[in-house]
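Notes follow once the structure below has been shown.
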Amino acid sequence: VAKENGRGCYRYFTPAINKRARQRLELGTRLRRAFAQDELALHYQPQVDMESGHIFSAEALLRWRQPGKGGPIPCGAFIEIAEETGLILPIGQWVLRQACQQLRLWHDAGHVAMRIAVNLSPRQFYQANFLASIKAILEETGLSPTMLDLEITEGVLLQRSEDNIATLKELGNMGIQLSVDDFGTGYSSLGYLQRFPVHALKIDQSFVRGIGSSPGDTALVTAIIAMAQSLHLKVLAEGVESLEQVHFLKAHGCLAAQGYYYSRAVAADILAGLLHEQEVSPTRCAWPGNGEM
Ligand code: C2E
Ligand code: MG
Ligand code: MG
Ligand code: MG
């Protein structure tokens, strides 16, 4: 009977699994072609000082613009494929260079205090020539490493190989800021915050979403901010969507945020417009109300 059941399952599931595998393979092929044909783009989401309303940095977020197939597709849908296929290595390299070149342009336009944040895949991080390529990009673009913020996940910090620690330390020594992305969603070992040269925590948006409505999330946000303060780490709230969240975060000492309340990720020229506006009228909040764009 077991064997029959097994055969039944086999016959039932195989077509579905094959279909999914085929779709992923297809998506990988399309992604490879899209990258080669320059169909990937970066959008930039402002990171805002909630006290002044000023943009001090922007996170580069990958977008796939598919000509003729409607609007841009968010990266969540294809980043996983890029990781699986290894395409994330050339793509990630391109993202770093593109983001730094963009920051160069903003600096040249006079926004010299502006910073840039770039997401790193663990696979990029473990690449042998990773440090050399970052140095080359910084040299090419003439940017100070202190203007670059690399977002890593908790997974990278848990992998405690000698190479890994050396790479993190070298990045820190260069003056690059390291932020832990989606903080709180990974493993619960906090010891690494002391052992590694980490500079900032990005509170995951799932906790921020629950501010006010979920006592658990509210407590976690409060605790993360307090911990960041006592460890002398910077802290930024992700996914801020409401004025209530802004008030809560400011009251608890978190002054940096990104989220739809301020702005979605936008094309580089739109962000340049926002930067220009805040420079022209520095006392005016650039995004009154619920600034969806
Ligand atoms: P992430 O680094 O945590 O980026 C934040 C994500 O939250 C972005 O989604 C952003 O659009 C979204 N977001 C920002 N504010 C809000 C908000 O107020 N509400 C809601 N609901 N969402 C908000 P996106 O662009 O789809 O990116 C998803 C993930 O893909 C990123 O999460 C990051 O882990 C990864 N990713 C994006 N670009 C790159 C890249 O160039 N390289 C690598 N390795 N990963 C990337
Ligand atoms: Mg990020
Ligand atoms: Mg995040
Ligand atoms: Mg994420």
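The values are calculated or read from the model by the stated rules, or taken from the named source; none is laboratory data. Computed from a prediction, not measured in an experiment: that's the story for all the values here. Cβ atoms come from the backbone with ideal geometry, glycine included; neighbour counts cover every protein chain shown. Side chains are part of the model used for accessible areas, which takes the heavy atoms of the whole protein and leaves out ligands, DNA and RNA. Shrake-Rupley method; radii C 1.70, N 1.55, O 1.52, S 1.80 Å.
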I need the full set of residues from segment 144-177 which are buried (at least 19 other Cβ atoms within 10 Å of the Cβ), more than 16 Å from ligand 4 (Cβ to nearest atom) and modelled with pLDDT of 95 or more, in order please.
Met147, Leu148, Leu171, Ile176, Gln177
Residues of segment 71-91 being within 16 Å of ligand 3 (Cβ to nearest atom), surrounded by 17 or more Cβ atoms within 10 Å (Cβ to Cβ) and either assigned to a strand (DSSP E or B) or not aliphatic (A, V, I, L, M) (or both), in sequence order, are Cys75, Glu83
Could you please find all residues in segment 29-60 being open to solvent by less than 40 Å² (accessible area, probe 1.4 Å), touching a Leu at 6+ places or on another chain (Cβ under 7 Å) and under 22 Å from Ala82 (Cβ atoms)?
Leu31, Ala34, Leu40, Leu42, Tyr44, Gln45, Ala58, Ala60
Can Gly8 be described as open to solvent by less than 90 Å² (accessible area, probe 1.4 Å) and at pLDDT below 85?
yes
Tell me, which residue of segment 214-229 that is within 16 Å of ligand 3 (Cβ to nearest atom) and of a type outside the set (Val, Ile, Thr) is least open to solvent (accessible area, probe 1.4 Å)?
Ala228
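Being open to solvent by less than 30 Å² (accessible area, probe 1.4 Å) and among the hydrophobic types (A, V, I, L, M, F, W, C) is the requirement here; does Val112 meet it? It would help to see each step written out before you state the result.
On the way: open to solvent by less than 30 Å² (accessible area, probe 1.4 Å): no; among the hydrophobic types (A, V, I, L, M, F, W, C): yes.
Here the answer is no, as Val112 does not meet what is asked.
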So, in segment 193-208, of the ones that are surrounded by fewer than 19 Cβ atoms within 10 Å (Cβ to Cβ) and farther than 17 Å from Asp149 by Cα, which residue ends up nearest to ligand 3 (Cβ to nearest atom)?
Gln205
Among the numbered conditions (1) touching a Ser or Thr at 6+ places or on another chain (Cβ under 9 Å); (2) touching a residue at least 60 places away in the same chain (Cβ under 8 Å); (3) among the aromatic types (Phe, Trp, Tyr), tell me where Trp106 comes up short.
(1)
For Ala99, are the conditions met, namely being at pLDDT 95 or above, crowded, with 17+ Cβ neighbours inside 10 Å and either of a type in the set (Gly, Ala, Ser) or on the phi > 0 side of the Ramachandran plot (or both)?
yes
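Residue-wise test of (1) away from ligand 3 (no atom under 16 Å from the Cβ); (2) closer than 26 Å to Arg63 by Cα.
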{"position": "Cys100", "(1), (2)": "yes, yes"}
{"position": "Ala128", "(1), (2)": "yes, no"}
{"position": "Ile137", "(1), (2)": "yes, yes"}
{"position": "Val156", "(1), (2)": "no, yes"}
{"position": "Leu168", "(1), (2)": "yes, no"}
{"position": "Gly172", "(1), (2)": "yes, no"}
Restricting to segment 176-205, name every residue that is closer than 29 Å to Ser242 by Cβ, touching a strand residue (DSSP E or B) at 6+ places or on another chain (Cβ under 6 Å) and assigned to a loop (DSSP other than H, G, I, E, B).
Val198, His199, Asp204
Residues that are within 15 Å of the chain's Cα centre (by Cα) and at negative phi, drawn from segment 250-262
Ala256, Ala257, Gln258, Tyr260
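Determine, yes or no, whether Ile211 is touching a residue at least 40 places away in the same chain (Cβ under 8 Å) and either surrounded by 15 or more Cβ atoms within 10 Å (Cβ to Cβ) or more than 16 Å from ligand 1 (Cβ to nearest atom) (or both).
On the way: touching a residue at least 40 places away in the same chain (Cβ under 8 Å): no; either surrounded by 15 or more Cβ atoms within 10 Å (Cβ to Cβ) or more than 16 Å from ligand 1 (Cβ to nearest atom) (or both): yes.
No.
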Set Phe125, Phe183, Phe130: member being more than 16 Å from ligand 2 (Cβ to nearest atom) and either in contact (Cβ under 8 Å) with a residue 40 or more places away in the chain or not small (Gly, Ala, Ser) (or both)
Phe130
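Condition (residue is at pLDDT below 95 and in contact with a Ser or Thr (Cβ under 9 Å, 6 or more places away or on another chain)) applied to segment 246-256: is it met by at least one residue? So that I can check it myself, show each step before the final result.
Initial filter on segment 246-256 (at pLDDT below 95): none.
Looking for residues that are at pLDDT below 95 and in contact with a Ser or Thr (Cβ under 9 Å, 6 or more places away or on another chain), one finds none in segment 246-256, hence no.
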